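Have a look at the structure below before the remarks.
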Amino acid sequence: MLNILMAIVDYIPVGMFLVASIILQKSLYNKMSKGTFALFSSGTIFVFVAGFLKATHKLLYYASVCDFTPLKESFFPMQTIGFVLAAIGMVMMFVSKSGEHIEFAFVLPVLAFIAPAPYKGTMIFVVLMVLGVLVLDGSLFRIAMHQKATMACILIVVAFIFTLCMGYLASNESIDDWIKEIVNTIGQGSLLVAVIMMKNKGLGNNDSLKGLVK
């Protein structure tokens, strides 16, 4: 019964990330070109779906319905690609709002790098995920600094640290799953609160990033 409860709790950080993503999408839409927004929004959707599928695998497994392994196995690659795409979208927002084709020219070699010849290692995903999270959270930190939102800056740092910790914990089967849930919830909760603070500071306004975004 406790395992089923834990599986249900796993949807909480997933939901937190979804809400934070929706707020960011709405707030940054008027500051991105169509191509840039497509990259950012699709990346955040990838990350959400990856977490949702993994949580669903846990629920099905602990409820003794079935062991739907593809849901679990797709998590790492899908989440990695999501963070990379979202990070590229954020970078392109800072580089150019008017460019409609630059972002796609930039992302194609990255996608080619993500899909190598048959390879069973996971290091490529670890490196790309860390870089994606670093760039994504670093961009949010830069925006929070621009808004002079000190507490949001602190929470973004907390979210970054706990997200990386979760990546390590997820790969270690010997660590209690409840610890992983707590770490994940704190990380995504910090991100959500930071994004709400940034929204309340007027992130969605057309001129909120004036001088920061071209």
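For the chain, a simple Cβ point-charge model (Lys and Arg +1, Asp and Glu -1, everything else neutral) yields a dipole of about 800 debye relative to the Cα centre. Assuming a ≥ b ≥ c are the square roots of the Cα gyration tensor eigenvalues, decide whether the range 118-204 counts as rounded (a/c under 1.5), prolate (otherwise, with a/b larger than b/c) or oblate. Judged from the Cα gyration tensor, the range 118-204 comes out oblate (a/c at least 1.5, b/c at or above a/b). Note on the range 163-210: with charges restricted to the Cβ of Lys and Arg (+1) and Asp and Glu (-1), its dipole about the Cα centre is near 440 debye.
If you run the Gaussian network model on the chain, springs between alpha carbon atoms under 10 Å, then out of Met92, Met166, Met123 the most flexible one is Met123. Computed from Cα atoms, the angle from the helix 150-170 axis to the main principal axis of the chain rounds to 30 degrees.
Calculated mean residue ellipticity at 222 nm for the chain: -26000 deg cm²/dmol, from DSSP H runs with n ≥ 4 weighted as -39500 (n - 2.57), summed, divided by the residue count and rounded to 500. Largest to smallest in accessible area, the residues Leu128, Leu53, Leu134 fall in the order Leu134, Leu53, Leu128 (1.4 Å probe, all protein chains included). Estimate the FRET efficiency between Trp178 and Lys26 by the formula 1/(1 + (r/R0)^6), using the beta-carbon distance for r and 30 Å for R0, to the nearest 0.05. For R0 = 30 Å, the calculated efficiency reads 0.35. Ranking of Asp207, Asp177 by solvent-accessible surface, largest first: Asp207, Asp177 (1.4 Å probe, protein heavy atoms only, all chains present).
Computed on the chain, with alpha-carbon pairs under 8 angstrom and 6+ residues apart, the relative contact order is 28 percent.
Count Lys and Arg as plus one, Asp and Glu as minus one, and take only other residues whose Cβ is under 14 Å from that of Leu59; the net charge is then -1. Using the Stokes-Einstein relation with a Kirkwood hydrodynamic radius computed over Cα pairs, the translational diffusion coefficient of the chain at 10 °C and a viscosity of 1.306 mPa s comes to 89 µm²/s. Rolling a 1.4 Å probe across all protein chains gives Ser64 an accessible area of roughly 100 Å².
The values are calculated or read from the model by the stated rules, or taken from the named source; none is laboratory data. Not measured: the values here are computed from a predicted model. FYI the Cβ positions are ideal-geometry reconstructions off the backbone, even for glycines, and counts take in every protein chain you see. Just so you know, the surface numbers come from the protein's heavy atoms only, side chains and all, with ligands and any DNA or RNA stripped out. Shrake-Rupley method; radii C 1.70, N 1.55, O 1.52, S 1.80 Å.
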